[in-house]
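First up is the structure itself, then whatever we jot down about it.
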Amino acid sequence: MTRMLKVLLWGLLLLPLGSAAQDSAQVERLRQQINTGGGAPASSALEQLWRELQQLPASHLIELSRREDNNYFEQGWFELARDVRLAPAEQRQSQLNAWRLRWFHHPATAWLPHLQQAVPSLAVPETVQRLGALLPLSGEFAEQGREVLAGMRAALDWDRRQGYRVPQLQVFDSAAVDNLPVFVQSLVGTEGPDLLVGPLRAPLTRQLTSAQPLPVLALNRVGGGTFNGYQLDLASDQELRQLVERIRLDGHRRVLLLAPAGEAWVEPLLAWLEPLSRSQGLVIQARLRYEAVPERLRWQLGQVLGINASRQRGQQLAGLLAEPPEQQVRRRQDIDAVLLIARPEAARLIKPVLNYHHADELPVYAGSHLFSGKVDPVRDRDLEGILFCDMPWRLRKRPGSTPSSSFFALGVDAGSVYRALPEMGAGTPGYFEGETGHLRLLEGWRLQRALPCARFVQGQPQLIKPAE
């Protein structure tokens, strides 16, 4: 088996994400957010501001807190983010109290109750001797559970063959578990796992709303509350966030959103997408819930692009003149990019119809759903030029029949990232180079996945540079 995971040496090879230009733009955006409303952002904006502050490496926060050109509002926020990041868990409250004494009139005091309620994550031991896997191995989601387990075993086997000491894998079938907190409590003991990976099923992860007696790396979004574990999930909001940011960085602002009609899987994506676009300064100029039937799709796109109206105006004018004029059909000009959510079969229909309707010069950005995970230059020739972001595992060309499954990649990362969690939890800046993305641990103990992007060229996805 080829090498599946590059494990960075923490403290030596950890690299900050993004270029210097991107870091500068992020800091400038933070300053604008801080100074909104005369230095007192609305309470609804505080969570987003704090999240972006926590995305900065600790070294950047220290540097920013020492800048002499900070105004009163900026200095207070930078010092608060620095103190929270660097304080050990047992000293966090005293650091917050000291900050409050220095900045008792600062608008950030409104955010302190959220920090005081936060529950520190239960630390993963430096050496994990027993690794538990709680996955659906029977029932409705057994296929996905087995793929995750296969990925975990592959990662452990790779480390073992490289001479690393690997933990004993303890496997549990989550299909037999109804009460997750009770089950986790039953594992506590000398022979129980040092870290539990899972569950994968949403009904169980939603039960993670309180502190657990052993570290848990959940593979789905948890219920919230005072959960003190970690999250590594495949939810599409992280992918969409990077895609929307890519559209903005490429200089586009007015977007045509295309999403399938009558498909439940797309509804959560749209719920994330609308506020996300607004936060990035994008305007959803038009929306279309399309039907992936050729004739119907041609009419729908013609309607939303203004082609049908343009053609109708030409026909009306021809009826008024003795000689029919030369007609030039035009599409609407208030759109400068297309954001497409589509499965492969629908995407292969949509791009040619866009070209037919004089929209071939509009850049098309798409969710990863349009890529099957298998390179198929013949069937995907109609996706030419579309840009999308996806996990490294699916974009990497691999010989043989190595699985392209996202769940296998999730298992590979779950079976490896545990070694980096102690350093991540300590606030060490940098990322873990995984197969589901470059992983960083942010506020809320959710691992953020930074994804590479690709563009279809001659029917094949070609990786593009971040600055392209």
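The values are calculated or read from the model by the stated rules, or taken from the named source; none is laboratory data. The shown structure was predicted, so the numbers you read here are calculated from the model rather than taken from an experiment. Cβ sites come from the backbone with ideal geometry, for glycine too, and all protein chains shown count toward neighbours. These accessible areas exclude ligands, DNA and RNA; they are computed on the full protein's heavy atoms, side chains included. Shrake-Rupley method; radii C 1.70, N 1.55, O 1.52, S 1.80 Å.
Sorting 198-208, 236-246, 295-305 by average packing, meaning the other beta carbons within 10 Å per residue, from highest down gives 198-208, 236-246, 295-305. Here the extension length gained between residue 35 and residue 130 equals 29.3 nm, from 0.36 nm per residue of separation less the Cα-Cα distance. Heavy atoms of the protein chains alone define the surface here; on that basis region 326-376 has 44 Å² accessible area per residue at 1.4 Å probe size.
Counting heavy atoms of the protein chains alone, residue 365 has an accessible area of about 10 Å² for a 1.4 Å probe.
With the full set of protein chains in place, find how many percent of the accessible area of region 242-282 is carbon and sulfur; take the probe as 1.4 Å.
Carbon and sulfur atoms account for 54 percent of the accessible area of region 242-282.
Placing 130, 449 in order of accessible area, with the largest value first and a 1.4 Å probe, yields 130, 449. Per-residue accessible area (protein heavy atoms, 1.4 Å probe) orders 428, 127 as 127, 428, starting from the largest. Inter-part distance, region 242-307 to region 33-87, computed on C-alpha centroids, equals 33 Å. Accessible area per residue for region 35-87, computed on protein heavy atoms with a 1.4 Å probe, is 45 Å². Averaged per residue, region 167-304 has 43 square angstrom of accessible surface, using a 1.4 angstrom probe with ligands and nucleic acids left out.
The figure for residue 374 is an accessible area of roughly 140 square angstrom, using a 1.4 Å probe on the protein chains alone.
Take residue 384: with every protein chain present and a 1.4 Å probe, its accessible area is about 80 Å².
Peptides 250-258, 433-441 ordered by packing proxy, namely the average of other Cβ atoms within 10 Å per residue, highest first: 433-441, 250-258.
Counting only protein heavy atoms, what percent of the accessible surface of region 327-462 is carbon or sulfur at a 1.4 Å probe?
Exposed carbon and sulfur together represent 49 percent of the surface.
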